Amino acid sequence: MSHDEVILVNPVDDEVGACGKLDAHREGRLHRAISVFLFDSAGRWLLQQRHADKYHSGGLWSNTCCSHPAPGESTEQAAQRRLMEEMGVLCPLEKVFSFVYRHQFDNGLIEHEFDHVFAGRFEGAPNPDRLEAQAWRWVDGAALAGELRAEPERFTYWFRATHDVVVELLESDRLFRSEGARPHYTRLAG
C-alpha cells in the first residue's frame with residue numbers, strides 16, 4: 001500500500017484508478033479523501049494548524065485531520081490511520097457525510113476531492129506529529145463561528161466549506177446517535 005498514491009474516483013465515488021498524490025493535485029483529478037472532526041464532551045472542536053511546509057494550505061487552521069486513503073484502503077481505515085499519524089489519537093469514528101469540492105490554490109495546485117467526513121468524541125490532549133500539525137487547540141463552537149466570520153483566510157478551504165454542515169448535524173442531534181444517524185451526501189459549491 002503506497003501512501004504517496006491516491007484513489008481516483010468518478011462523481012459517484014466509484015474507483016477508476018490511482019495516481020501519485022502530487023500529480024492528482026497538479027492536474028485537478030477527482031480523488032477520494034477523508035476528513036475527521038473530533039469533539040469533546042463539552043462540545044468543543046479539536047482543530048489543528050497545518051504545518052507551514054505542507055504542499056498547500058500550510059499554516060492554516062483546519063479540522064482535526066484530513067488525508068487520502070491509499071489504494072486498497074477503506075475510508076474508515078484511512079481515517080483511523082491518519083488520525084493516529086497526524087494527531088496521535090485513537091478513538092471511535094462515525095462516517096457522517098460526503099461531499100465533492102474543487103478548489104485551486106495560489107500555488108497552482110488543485111484539490112478536487114470526493115471527501116468522506118468522519119466525526120468522533122475524544123477527551124484530553126492529542127500528541128501531534130509536528131511535521132503534520134504545528135499546533136492544535138480546543139475551541140468552543142460559537143467562538144469558532146465568530147473566527148470564521150471575522151478571519152476566514154486563517155482556515156483551510158475545505159474546513160470553511162464543511163463547517164456549516166457539521167454545525168447543522170450537531171444542532172439537529174444527528175451526530176453521535178447510533179440509531180437513526182445516517183450518513184448523507186452533500187454537494188458543496190466550490
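List the longest stretch of the chain that has no exposed loop site; here a site is one of the GluC sites (Glu not before Pro) assigned by DSSP to anything other than H, G, I, E or B, with at most 12 other Cβ within 10 Å. Please list the in-between numbers first.
Values: sites that count: Glu123, Glu179.
Within the chain, the longest run free of exposed GluC sites (Glu not before Pro) spans 1-122.
Please rank Ile34, Ile110, fewest neighbouring Cβ atoms within 10 Å first, as an exposure proxy.
Numbers: Ile34 28, Ile110 16.
Ordered by Cβ neighbours within 10 Å, fewest first: Ile110, Ile34.
Based on Cβ point charges of +1 for Lys and Arg and -1 for Asp and Glu, what charge dipole magnitude is obtained for the chain about its Cα centre, in debye rounded to the nearest 20? Intermediate results must be reported in sequence, preceding the final value.
Values: 21 positive and 30 negative charges, 38 e Å.
I would put it at about 180 debye.
Using Cβ contacts closer than 10 Å as the measure, can you line up Ser67, Ser74 from fewest to most?
Numbers: Ser67 20, Ser74 12.
Ascending Cβ contact count within 10 Å gives the list Ser74, Ser67.
I need to check one value: relative contact order of the stretch 1-105, counting alpha carbon pairs closer than 8 Å and at least 6 residues apart, in percent. Could you put the intermediate results ahead of the total?
Details: 156 pairs, mean separation 25.1, N = 105.
For the stretch 1-105, the relative contact order is 24 percent.
Note down the Stokes-Einstein diffusion coefficient of the chain in µm²/s, whole number, using a Kirkwood radius over alpha carbon pairs, 25 °C, and 0.890 mPa s.
Numbers: Rh = 16.7 Å.
The diffusion coefficient I find is 147 µm²/s.
In debye, nearest 20, what is the charge dipole magnitude of the stretch 99-177 about its Cα centre with +1 on Lys and Arg Cβ and -1 on Asp and Glu Cβ, if you could check? Walk me through the intermediate numbers first.
On the way: 9 positive and 15 negative charges, 23 e Å.
For this selection, approximately 120 debye.
Calculate the FRET efficiency for Glu15 and Ala142 from the Cβ-Cβ distance with a Förster distance of 35 Å, rounded to the nearest 0.05.
Values: r = 40 Å, r/R0 = 1.14.
Efficiency for this residue pair is about 0.30.
Local charge sum around His25 (other residues, Cβ-Cβ under 11 Å, Lys/Arg +1, Asp/Glu -1)? Let's see the in-between values first.
Working: positive: Lys21, Arg26, Arg29; negative: Asp23, Glu27, Glu111, Glu113.
Result for the local shell: -1.
Please compute the net charge surrounding Ala150, taking Lys and Arg as +1 and Asp and Glu as -1 over other residues with Cβ under 15 Å from its Cβ.
Residues close to Ala150 contribute a combined charge of -1.
Among Phe105, Phe155, which comes first, second and so on when ranked by fewest other beta-carbon atoms within 10 Å? Write down the numbers at each step before the final one.
On the way: Phe105 13, Phe155 21.
The fewest-first ordering by Cβ neighbours comes to Phe105, Phe155.
No value in this document is a laboratory result; all are computed from the given coordinates. Everything quoted here is computed from the prediction, not taken from an experiment. Reconstructed Cβ throughout: ideal geometry from the backbone, glycine too, with neighbour counts over all protein chains shown.
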